[in-house]
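**Q** Quick one: the structure is below, questions incoming.
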Amino acid sequence: MTANDVLQVSAGGAKSAAISNLTVRLLSQYTGRGPTKARTLFNTDMVTVVLQDTLTKGEITLVHKGHREKVLDTRKTFQEVMGDELTAGVEAVTGRKVLAFLSANHVEPDIAVETFILVPIEDGADGSSNGSTEA
């Protein structure tokens, strides 16, 4: 699936599925293995993808042999390299600009989170309020 394919996705659950599928595909492409579980959650100005069972067999071996930090550093590097493609995909699906991309990994349990902070929609610009307030 390319960013152009993602543009064809309809609203609602299909958007979540498209972002999950994009994330799994890119992780698989970059690391040689994708996660076995992915779930995308939306709120007004944020998209979060929760991934489980992401580590390769080699990474699991390294963790068990005491090289947890090296695995986390490598994962961080992959996410930095994939960031532009992930961001472009989320922008294509949501029709919104991404303000920030944040990524984190945990090895035991094997969970990763990719979060995209979207540029807020101006109140009333789309006929609704974005639901956020500033103090």
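The values are calculated or read from the model by the stated rules, or taken from the named source; none is laboratory data. Since the structure is predicted, the reported quantities are computational estimates derived from the model, not experimental observations. Note that we place each Cβ from the backbone using ideal geometry, even for glycine, and neighbour counts take in every protein chain shown.
**Q** Is it fair to say PHE116 is more than 16 Å from SER16 (Cα to Cα), at pLDDT 95 or above, surrounded by 13 or more Cβ atoms within 10 Å (Cβ to Cβ) and not β-branched (Val, Ile, Thr)?
**A** No; evaluated as a whole, the condition is false for this residue.
**Q** Take segment 11-32 and flag every residue that is surrounded by 17 or more Cβ atoms within 10 Å (Cβ to Cβ) and either part of a strand (DSSP E or B) or of a type in the set (D, E, K, R) (or both).
**A** LYS15, the sole residue that qualifies.
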